[in-house]
Amino acid sequence: MHRRTIGRAVVMITHGPFCHPCSRNFSSTLSGRASWGFIGLGQMGYNMAKNLRRKISPSDTLIVCDVDANITAKFVQEVSATDKFDIQVAKTARELAEKTETIISSLPGPESVKLVFDSILGEQVPLPSGRERLFIDCSTIDLTTSQDVARAVISSGSGQFVDAPMSGGVVGAQTASLTFMFGASGSPQLVDRVKSVLLLMGKKAWHLGLQGAGISGKLTNNYLLAISNIATAEAMNMGIKSGLDPKGLTEMINSSTGRCWSSAVNNPVPGVIETAPACRNYEGGFGIHLMKKDLKLATEMAQEFQAPLILAEKALEIYKQAEKIHPGKDFSVVYQYIANQ
Ligand code: NAD
């Protein structure tokens, strides 16, 4: 066990999912006049917050916050123009948390999540009481940071904290068809409340267990994705080099045992699946830098639980090399790296 400081709280770190003994009873209803906060309007958050604003009651308040003032200005302009809703901007995450009760965050990684929650909890003055605050963090981060933040939120009396990372990419965020995987320690009412919030931005919300379980699920999924993407790229390259037609080969694989998301939806070969990033010069998908981050996080998690990941090191090296040649592209660009060896 060791100590870590987040905000005003010194938290005791133990291993395994965190279980909060006190189950506060949150209302699971979304009716009535409610106030919502969204922190981090990036590729995912921008679209999620737009869907949220459309689906909550017109009389509800949505307050947004992002370190990039251009993004919040664009968001306010776009949403007010198309949907005629009132959007407020908070200068800081703390200001946002003071005024809202359901707060969703979608941030780049562990450092930004720590910064945001330090700013929310780190003031000498506690958050104003009278609101049953629920923090839902959709960022892909590590288990330790997520558990530290959850403990700090609860021990400071600021509300509940749930990890709810997501899958489905930017298209899923735009079309409100994301899959969320969440970890929540608390009453069934808390779980219901979290689900009802997440389903405003997605199609599926899996409650995987206690706080932290969502992170474990997400990193497990993305490790599999990291490997299956490389395997698809290698296999497609081998088949094409042997003289097979790329489209015919893909159709055969997708009705056989090699089928996976990387072969069926995000096929790495240009000209095969029209909607895949490979057909638009690998633009606008799941950035190779994000896959590198997730592979590192999955490797740390595997080390913590002594689960061997035999392919992780090699896979990370392939993504690093591919990124040097194709910076800023979708992670399926590893096909180009492999094909041009
Ligand atoms: P992004 O980098 O596009 O967006 C992050 C946003 O957070 C940016 O607008 C940035 O300005 C803002 N931000 C950074 N630090 C901040 C702070 N301290 N306070 C307020 N705002 C801050 O990232 P993204 O692609 O939207 O991804 C968000 C999260 O979702 C990441 O953890 C990512 O791994 C995960 N994710 C992304 C995808 C995808 O396809 N992009 C898919 C699934 C999960």
Check: When you go through (1) within 12 Å of the chain's Cα centre (by Cα); (2) buried (at least 22 other Cβ atoms within 10 Å of the Cβ); (3) within 13 Å of the ligand (Cβ to nearest atom) one by one for A226, which number turns out not to apply?
Finding: (1)
Next item on the list: Might you let me know whether region 113-121 holds any residue that is in contact with a Gly (Cβ under 8 Å, 6 or more places away or on another chain), closer than 24 Å to D192 by Cβ and not hydroxyl-bearing (S, T, Y)?
Entry: no
Check: Picking from K218, K204, which residue would you name as being out of contact with any Leu (no Cβ under 7 Å at 6 or more places or on another chain), assigned to a strand (DSSP E or B), at pLDDT 95 or above and within 14 Å of the ligand (Cβ to nearest atom)?
Finding: K204
Item checked: Checklist (1) more than 11 Å from the ligand (Cβ to nearest atom); (2) part of a loop (DSSP other than H, G, I, E, B); (3) open to solvent by 10 Å² or more (accessible area, probe 1.4 Å) applied to I154, failing item -> (2)
Margin query: Just the residues that are open to solvent by 50 Å² or more (accessible area, probe 1.4 Å) and more than 11 Å from the ligand (Cβ to nearest atom), please, taken from region 37-80.
Written below: R54, K55, P58, S59, A73, Q77, E78
Notebook entry, point to check: Are any residues in region 164-181 of a type in the set (S, T, Y) and near the ligand (Cβ under 10 Å from one of its atoms), and if so, which ones?
Noted result: S167, T179
Next item on the list: List the number of the failed condition for V125; all other conditions in (1) within 16 Å of the ligand (Cβ to nearest atom); (2) over 21 Å from A49 (Cβ atoms) hold.
Entry: (1)
Notebook entry, point to check: Could you list, in sequence order, the residues of region 101-146 that are open to solvent by 10 Å² or more (accessible area, probe 1.4 Å), in a helix (DSSP H, G or I) and under 25 Å from E300 (Cα atoms)?
Noted result: P110, E111, S112, K114, L115, V116, D118, L143, T144
Next item on the list: May I ask you to say which residue of Y335, Y319 is aromatic (F, W, Y), in a helix (DSSP H, G or I) and either within 16 Å of the ligand (Cβ to nearest atom) or under 23 Å from T145 (Cβ atoms) (or both)?
Entry: Y319
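Those residues that are in a helix (DSSP H, G or I) and surrounded by 13 or more Cβ atoms within 10 Å (Cβ to Cβ), I need them from region 305-316; list them, please.
Within region 305-316, A312, A315, L316 qualify.
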Notebook entry, point to check: Does region 260-293 hold any residues that are loosely packed, with under 15 Cβ neighbours inside 10 Å and in a loop (DSSP other than H, G, I, E, B), and which are they?
Noted result: V265, G271, E274, T275, N281, E283, G284
Notebook entry, point to check: So, of the residues in region 91-100 that are open to solvent by less than 70 Å² (accessible area, probe 1.4 Å) and in contact with a strand residue (DSSP E or B) (Cβ under 8 Å, 6 or more places away or on another chain), which turns out to be farthest from L121 (Cα to Cα)?
Noted result: T100
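The values are calculated or read from the model by the stated rules, or taken from the named source; none is laboratory data. Fair warning: this is a prediction, and the values are worked out from it, not measured in the lab. Cβ coordinates were reconstructed from backbone atoms using ideal geometry, including for glycine residues, and neighbour counts include every protein chain displayed. The accessibility values were calculated without ligands, DNA or RNA, using every heavy atom of the protein model including side chains. Shrake-Rupley method; radii C 1.70, N 1.55, O 1.52, S 1.80 Å.
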